[in-house]
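Trainee: Quick one: structure below, then a few questions.
The values are calculated or read from the model by the stated rules, or taken from the named source; none is laboratory data. Computed from a predicted model, the values in this text were never measured in an experiment. With ideal geometry, Cβ positions are generated from the backbone for all residues, glycine too; neighbour counts draw on all protein chains shown. Areas reflect the complete protein model, heavy atoms only, side chains present, ligands, DNA and RNA absent. Shrake-Rupley method; radii C 1.70, N 1.55, O 1.52, S 1.80 Å.
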Amino acid sequence: MSKRSLALLLILGVATLVGGLLLPNWMSYLFTIAMGKGLVVLGLVLLMRAGLVSFGQGLYYCLGAYVAGMLTQFAEVTDVLLILLASVSFSVVIAAIIGLLLCRYREIFFAMFSMAFSMILYGLLVRNQVLGSTDGFNVANPSLLGWAPGPEGASNLVLAVAVLLVFTLGILAWRYLKSLSGYAGEAVRENEIRLEYLGGSVFKIIYVKYIIAAGLAAIGGTVTALVSGHVDPEMAYWTTSGEFVFIALMGGTGHVAAPIIAAVLFESLRTYASAVAPYTWQMILGFALLAIILFLPSGLWSLVERFQNKKPRKAP
């Protein structure tokens, strides 16, 4: 990535942060939630580019959120950096264990097995009275390196951390997809048998992507828990994982920015649909997804690609 591109990204990141801070509180809250979910979907996109669809990202989304909640409530650890480190570490360890089994499967088997593990966590949390059962429990306001802002300042702190994470991890994901390992994922999708004959390890490629996706999902769950101030078992329910798949289909897999943009649009659309039709808002989301599948099967990012392809090329 050139210095000019990095400078433009830095300017865009600062503009996004300033814009988010200037928004009304409810819009800033939705924007932060969208940033967290966008990171989860970014990990899902890495798997989708390898031909795998996970209906179980809610597992690591929920684990990250509950680790954050338990640290603030039971261990009195509120530093956002320590919370992120603990959430990611715990989720990656769990993913490394589950991945040994899950990454041997493909297509519908991978999707269903991933959902099964997520639902196991949901069942355990629902029956755990210490963690609030179906009601969950509250999460204390975060701090940063000893600085403990008030309730409003805490939401701004989480927003700033979320924006920083989105741009930093987005750049790292972009570089990963442009690397040999990133392109190997597309080779798995196209013809994994040929890749094995060429000396590549399909299991290792998928395993690494699965662990990366788990870490990103844990970060997204941590951001959501800290900004909302509450966690509950619904974060591990299959509908939450389906929501991530919905956003991935909406944005497409053509670029690392697609899931972030799609997450912001999804939260905006759901908020509007809930206000207009509080009892049938799911139908509005369903029609939106149907329209995207019919007219933009490659997702919203395909509009950007079409625009880029129409640009006149300079003469040699």
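Trainee: In this structure, is Ala15 within 16 Å of the chain's Cα centre (by Cα) and either open to solvent by 40 Å² or more (accessible area, probe 1.4 Å) or not charged (D, E, K, R) (or both)?
Mentor: Values: within 16 Å of the chain's Cα centre (by Cα): no; either open to solvent by 40 Å² or more (accessible area, probe 1.4 Å) or not charged (D, E, K, R) (or both): yes.
Here the answer is no, as Ala15 does not meet what is asked.
Trainee: Then there is this: What tally of residues in segment 147-180 results from selecting those that are without any contact (Cβ under 8 Å) to a residue 40 or more places away in the chain, small (Gly, Ala, Ser) and either assigned to a strand (DSSP E or B) or open to solvent by 30 Å² or more (accessible area, probe 1.4 Å) (or both)?
Mentor: Here the count works out to 2.
Trainee: Shifting gears a bit: What residue, of Tyr66, Tyr29, is buried (at least 24 other Cβ atoms within 10 Å of the Cβ) and more than 12 Å from the chain's Cα centre (by Cα)?
Mentor: Working: Tyr29 fails: buried (at least 24 other Cβ atoms within 10 Å of the Cβ).
From the options Tyr66, Tyr29, the qualifying one is Tyr66.
Trainee: Just a yes or no: is a residue in segment 114-129 modelled with pLDDT of 90 or more, over 14 Å from Tyr237 (Cα atoms), hydrophobic (A, V, I, L, M, F, W, C) and under 19 Å from the mean Cα position of the chain (by Cα)?
Mentor: Checking segment 114-129: not a single residue is modelled with pLDDT of 90 or more, over 14 Å from Tyr237 (Cα atoms), hydrophobic (A, V, I, L, M, F, W, C) and under 19 Å from the mean Cα position of the chain (by Cα).
Trainee: Filter segment 183-206 down to the residues that are touching a residue at least 60 places away in the same chain (Cβ under 8 Å) and not acidic (Asp, Glu) and list them by number.
Mentor: Gly185, Val188, Arg189, Phe203, Ile205, Ile206
Trainee: Could you list, in sequence order, all residues of segment 108-119 that are over 15 Å from Ala217 (Cα atoms) and touching a residue at least 24 places away in the same chain (Cβ under 8 Å)? Before you say what the answer is, go through the steps one by one.
Mentor: Within segment 108-119, the subset over 15 Å from Ala217 (Cα atoms) is 108-113, 116, 119.
Phe110, Ala111, Met112, Phe113, Ala116, Met119 - these are the residues of segment 108-119 that are over 15 Å from Ala217 (Cα atoms) and touching a residue at least 24 places away in the same chain (Cβ under 8 Å).
Trainee: Within the group Leu71, Leu42, which residue is buried (at least 24 other Cβ atoms within 10 Å of the Cβ) and either assigned to a helix (DSSP H, G or I) or hydrophobic (A, V, I, L, M, F, W, C) (or both)? I'd like the intermediate steps shown before the answer.
Mentor: Values: Leu71 fails: buried (at least 24 other Cβ atoms within 10 Å of the Cβ).
Exactly one residue qualifies, and that residue is Leu42.
Trainee: Any chance you could count how many residues in segment 235-260 are in a helix (DSSP H, G or I) and without any contact (Cβ under 8 Å) to a residue 60 or more places away in the chain?
Mentor: The initial filter retains those residues of segment 235-260 that are in a helix (DSSP H, G or I), namely 235-236, 238-251, 257-260.
Subset that is without any contact (Cβ under 8 Å) to a residue 60 or more places away in the chain: 239, 246, 249-250.
The qualifying residues number 4.
Trainee: Same structure again: Please find, among Leu249, Leu195, Leu226, the residue that is of a type in the set (A, V, I, L, M), open to solvent by less than 20 Å² (accessible area, probe 1.4 Å) and touching a helix residue (DSSP H, G or I) at 6+ places or on another chain (Cβ under 7 Å). Spell out how you get there, then give the answer.
Mentor: Details: Leu249 fails: open to solvent by less than 20 Å² (accessible area, probe 1.4 Å); Leu195 fails: open to solvent by less than 20 Å² (accessible area, probe 1.4 Å).
Just one listed residue meets the conditions, Leu226.
Trainee: Taking into account only those residues within segment 83-97 that are under 19 Å from the mean Cα position of the chain (by Cα) and β-branched (Val, Ile, Thr), which is most open to solvent (accessible area, probe 1.4 Å)?
Mentor: To start, the set of residues in segment 83-97 that are under 19 Å from the mean Cα position of the chain (by Cα) comprises 83-96.
Within this subset, residues satisfying the condition of being β-branched (Val, Ile, Thr) are 83, 88, 92-94.
Values: Ile83: 0, Val88: 39, Val92: 45, Val93: 84, Ile94: 44 Å².
Ranking the candidates gives Val93 first.
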